[in-house]
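The structure under discussion appears below in the form of C-alpha coordinates.
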Amino acid sequence: MSFSEYVVSRWDTLSLAAAEHALVVAIAMAVATAVGVLAGLLFHDSPRARGGAIAASAAVLTVPSLALLTLLIPITGLGWGSTLVALTAYAFLPIIRNTVTGLRGLDAATVEAGRGMGLSRTRVLLQVQLPLAWPLILTGVRVSAQMLIGIAAIAAFVDGPGLGTQIFEGLSRLGSVNSLNATLAGTLGIVVVAVLFDLFFFAVRRLTIPRGLRVRP
(Lines give C-alpha, C1' and ligand atoms only; values in the text may rest on other atoms or scores of the structure.)
Protein backbone atom coordinates (compact mmCIF):
# COMPACT_ATOMS: atom_id res chain seq x y z
CA MET A 1 0.00 0.00 0.00
CA SER A 2 1.05 3.61 -0.47
CA PHE A 3 2.38 5.71 2.39
CA SER A 4 -0.83 7.74 2.64
CA GLU A 5 -2.90 4.55 2.78
CA TYR A 6 -0.61 3.20 5.49
CA VAL A 7 -1.03 6.34 7.60
CA VAL A 8 -4.82 6.28 7.23
CA SER A 9 -5.07 2.59 8.08
CA ARG A 10 -2.91 2.98 11.19
CA TRP A 11 -3.95 6.47 12.22
CA ASP A 12 -5.11 5.46 15.70
CA THR A 13 -1.80 3.74 16.47
CA LEU A 14 0.30 6.56 15.03
CA SER A 15 -1.63 9.35 16.75
CA LEU A 16 -1.42 7.55 20.10
CA ALA A 17 2.32 7.02 19.67
CA ALA A 18 2.77 10.71 18.76
CA ALA A 19 0.78 11.79 21.81
CA GLU A 20 2.87 9.54 24.06
CA HIS A 21 6.06 10.86 22.47
CA ALA A 22 5.03 14.45 23.14
CA LEU A 23 3.86 13.64 26.68
CA VAL A 24 7.02 11.88 27.81
CA VAL A 25 9.14 14.76 26.48
CA ALA A 26 6.86 17.35 28.12
CA ILE A 27 7.03 15.64 31.52
CA ALA A 28 10.80 15.29 31.36
CA MET A 29 11.15 18.93 30.31
CA ALA A 30 8.89 20.16 33.12
CA VAL A 31 10.99 18.35 35.73
CA ALA A 32 14.32 19.33 34.15
CA THR A 33 13.28 22.98 33.82
CA ALA A 34 12.16 23.24 37.44
CA VAL A 35 15.29 21.56 38.80
CA GLY A 36 17.70 23.12 36.30
CA VAL A 37 16.52 26.71 36.77
CA LEU A 38 16.53 26.24 40.56
CA ALA A 39 20.09 24.89 40.39
CA GLY A 40 21.13 27.89 38.31
CA LEU A 41 19.52 30.30 40.75
CA LEU A 42 21.21 28.65 43.72
CA PHE A 43 24.66 28.10 42.23
CA HIS A 44 25.28 30.98 39.80
CA ASP A 45 27.24 32.98 42.38
CA SER A 46 29.36 30.03 43.54
CA PRO A 47 32.17 29.11 41.10
CA ARG A 48 32.66 25.65 42.56
CA ALA A 49 28.97 24.77 42.78
CA ARG A 50 28.04 26.05 39.32
CA GLY A 51 31.11 24.40 37.81
CA GLY A 52 30.16 21.10 39.43
CA ALA A 53 26.54 21.32 38.25
CA ILE A 54 27.52 22.12 34.67
CA ALA A 55 30.24 19.45 34.62
CA ALA A 56 27.88 16.78 35.99
CA SER A 57 25.14 17.60 33.48
CA ALA A 58 27.69 17.67 30.66
CA ALA A 59 29.04 14.28 31.73
CA VAL A 60 25.58 12.76 31.34
CA LEU A 61 25.49 13.84 27.70
CA THR A 62 28.66 11.84 27.01
CA VAL A 63 26.83 8.61 27.91
CA PRO A 64 25.21 7.03 24.83
CA SER A 65 21.43 7.11 25.18
CA LEU A 66 21.01 3.39 24.57
CA ALA A 67 23.63 2.59 27.21
CA LEU A 68 21.99 4.88 29.78
CA LEU A 69 18.53 3.46 29.10
CA THR A 70 19.87 -0.07 29.48
CA LEU A 71 21.67 0.75 32.73
CA LEU A 72 18.45 2.18 34.16
CA ILE A 73 16.40 -0.98 33.57
CA PRO A 74 17.37 -2.68 36.89
CA ILE A 75 16.45 0.51 38.76
CA THR A 76 13.42 1.94 37.01
CA GLY A 77 12.32 -0.97 34.82
CA LEU A 78 11.21 -1.00 31.22
CA GLY A 79 8.94 1.60 29.63
CA TRP A 80 8.07 5.01 31.00
CA GLY A 81 10.28 4.94 34.09
CA SER A 82 13.63 4.52 32.37
CA THR A 83 12.58 6.82 29.54
CA LEU A 84 11.62 9.68 31.86
CA VAL A 85 14.75 9.42 34.00
CA ALA A 86 17.06 9.33 30.97
CA LEU A 87 15.34 12.19 29.16
CA THR A 88 15.31 14.36 32.28
CA ALA A 89 19.03 13.75 32.83
CA TYR A 90 19.86 14.66 29.23
CA ALA A 91 17.86 17.91 29.42
CA PHE A 92 19.80 19.53 32.26
CA LEU A 93 22.92 20.93 30.57
CA PRO A 94 21.40 23.61 28.25
CA ILE A 95 18.98 24.70 30.99
CA ILE A 96 21.54 25.00 33.79
CA ARG A 97 24.19 26.55 31.56
CA ASN A 98 21.83 29.15 30.08
CA THR A 99 20.40 30.00 33.50
CA VAL A 100 23.88 30.59 34.92
CA THR A 101 24.99 32.52 31.84
CA GLY A 102 21.86 34.65 31.84
CA LEU A 103 22.13 35.55 35.50
CA ARG A 104 25.85 36.25 35.44
CA GLY A 105 25.66 38.27 32.24
CA LEU A 106 23.41 40.95 33.68
CA ASP A 107 24.63 44.49 34.15
CA ALA A 108 25.87 44.86 37.73
CA ALA A 109 24.34 48.34 37.87
CA THR A 110 20.88 46.88 37.30
CA VAL A 111 21.31 44.49 40.20
CA GLU A 112 22.64 47.23 42.44
CA ALA A 113 19.67 49.44 41.51
CA GLY A 114 17.33 46.75 42.77
CA ARG A 115 19.20 46.48 46.02
CA GLY A 116 19.20 50.26 46.29
CA MET A 117 15.41 50.16 46.21
CA GLY A 118 15.48 48.15 49.43
CA LEU A 119 14.85 44.74 47.91
CA SER A 120 16.36 41.76 49.65
CA ARG A 121 18.91 39.55 47.86
CA THR A 122 16.22 36.94 47.19
CA ARG A 123 13.73 39.48 45.85
CA VAL A 124 16.36 41.01 43.58
CA LEU A 125 17.13 37.53 42.26
CA LEU A 126 13.48 36.64 41.61
CA GLN A 127 12.07 40.03 40.62
CA VAL A 128 15.00 41.60 38.75
CA GLN A 129 17.62 39.06 37.69
CA LEU A 130 15.36 36.14 36.76
CA PRO A 131 13.02 38.15 34.47
CA LEU A 132 15.99 39.73 32.68
CA ALA A 133 17.71 36.35 32.26
CA TRP A 134 14.49 34.61 31.16
CA PRO A 135 15.02 35.03 27.38
CA LEU A 136 18.29 33.11 27.54
CA ILE A 137 16.84 30.55 29.95
CA LEU A 138 13.90 29.94 27.60
CA THR A 139 16.33 29.39 24.73
CA GLY A 140 18.07 26.70 26.79
CA VAL A 141 14.73 25.03 27.53
CA ARG A 142 13.84 25.06 23.83
CA VAL A 143 17.18 23.53 22.85
CA SER A 144 16.73 20.78 25.45
CA ALA A 145 13.22 20.01 24.23
CA GLN A 146 14.30 19.65 20.60
CA MET A 147 17.17 17.41 21.65
CA LEU A 148 14.90 15.20 23.77
CA ILE A 149 12.37 14.72 20.97
CA GLY A 150 15.05 12.92 18.98
CA ILE A 151 16.50 10.99 21.92
CA ALA A 152 13.04 9.77 22.93
CA ALA A 153 12.91 7.63 19.79
CA ILE A 154 15.77 5.48 21.18
CA ALA A 155 13.55 4.60 24.17
CA ALA A 156 11.78 2.07 21.95
CA PHE A 157 14.70 -0.27 22.71
CA VAL A 158 13.56 -0.44 26.35
CA ASP A 159 9.84 -0.60 25.55
CA GLY A 160 9.48 3.14 26.00
CA PRO A 161 6.56 5.19 24.68
CA GLY A 162 6.54 7.15 21.47
CA LEU A 163 7.17 6.96 17.77
CA GLY A 164 10.48 5.17 18.06
CA THR A 165 8.59 1.87 18.08
CA GLN A 166 7.35 2.55 14.54
CA ILE A 167 10.85 3.36 13.34
CA PHE A 168 12.58 0.33 14.80
CA GLU A 169 9.79 -2.06 13.87
CA GLY A 170 10.17 -0.92 10.29
CA LEU A 171 13.97 -1.20 10.38
CA SER A 172 13.87 -4.65 11.98
CA ARG A 173 11.90 -6.07 9.04
CA LEU A 174 13.36 -3.91 6.28
CA GLY A 175 12.40 -5.27 2.87
CA SER A 176 9.10 -6.73 4.01
CA VAL A 177 5.65 -5.29 3.34
CA ASN A 178 5.15 -1.79 4.84
CA SER A 179 8.55 -1.77 6.58
CA LEU A 180 9.54 1.45 4.82
CA ASN A 181 6.12 2.98 5.48
CA ALA A 182 6.44 2.25 9.21
CA THR A 183 9.92 3.77 9.40
CA LEU A 184 8.87 6.84 7.42
CA ALA A 185 5.69 7.32 9.46
CA GLY A 186 7.64 7.26 12.72
CA THR A 187 10.30 9.63 11.40
CA LEU A 188 7.86 12.15 9.97
CA GLY A 189 5.78 11.91 13.13
CA ILE A 190 8.79 12.97 15.20
CA VAL A 191 9.36 15.91 12.85
CA VAL A 192 5.73 16.98 13.36
CA VAL A 193 6.08 16.72 17.14
CA ALA A 194 9.27 18.82 16.99
CA VAL A 195 7.51 21.51 14.93
CA LEU A 196 4.60 21.62 17.38
CA PHE A 197 6.99 22.01 20.33
CA ASP A 198 8.78 24.80 18.48
CA LEU A 199 5.49 26.59 17.89
CA PHE A 200 4.69 26.25 21.58
CA PHE A 201 8.00 27.83 22.59
CA PHE A 202 7.48 30.58 20.03
CA ALA A 203 4.13 31.37 21.67
CA VAL A 204 5.64 31.28 25.17
CA ARG A 205 8.40 33.60 24.04
CA ARG A 206 5.91 36.08 22.59
CA LEU A 207 3.76 36.00 25.73
CA THR A 208 6.46 36.13 28.42
CA ILE A 209 9.23 38.27 26.96
CA PRO A 210 8.86 41.99 26.18
CA ARG A 211 9.86 42.87 22.62
CA GLY A 212 12.99 44.71 23.75
CA LEU A 213 14.32 41.68 25.63
CA ARG A 214 13.70 39.06 22.96
CA VAL A 215 16.70 37.24 21.62
CA ARG A 216 16.77 35.20 18.46
CA PRO A 217 16.45 31.43 19.18
Whole-number percent relative contact order across the stretch 17-144, with pairs defined as alpha carbons under 8 Å at least 6 apart = 34
query = Rounded to the nearest whole Å², what accessible area per residue is found for the chain with the 1.4 Å probe?
reply = 52
ask   = Shape call for the stretch 104-178 from the C-alpha gyration tensor, a ≥ b ≥ c root eigenvalues: rounded (a/c under 1.5), prolate (a/b greater than b/c) or oblate?
value = prolate
ask   = When the accessible area of the chain is split by element with a 1.4 Å probe, what percent falls to carbon and sulfur?
value = 68
query = If contacts are Cα pairs under 8 angstrom and at least 6 residues apart, what is the relative contact order of the stretch 69-210 in percent?
reply = 25
message = Tell me whether the stretch 22-61 comes out rounded, prolate or oblate; compute the Cα gyration tensor, take square roots of the eigenvalues as a ≥ b ≥ c, and use a/c under 1.5 as the rounded threshold.
response = oblate
inquiry  = How would the stretch 143-217 be classified by its alpha-carbon gyration tensor: rounded, prolate or oblate, with rounded meaning a/c under 1.5 and the a/b versus b/c comparison settling the rest?
reply    = prolate
ask   = Given the C-alpha centroids of the stretch 3-19 and the stretch 134-149, what is the distance between them in whole angstrom?
value = 28
query = How many percent of all Cα-Cα pairs in the stretch 86-217 sit more than 17 Å apart?
reply = 67
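The values are calculated or read from the model by the stated rules, or taken from the named source; none is laboratory data. Here the structure is a predicted model, which means the values were calculated and not measured. All accessible areas refer to the heavy atoms of the entire protein, side chains included, with ligands and DNA or RNA removed. Shrake-Rupley method; radii C 1.70, N 1.55, O 1.52, S 1.80 Å.
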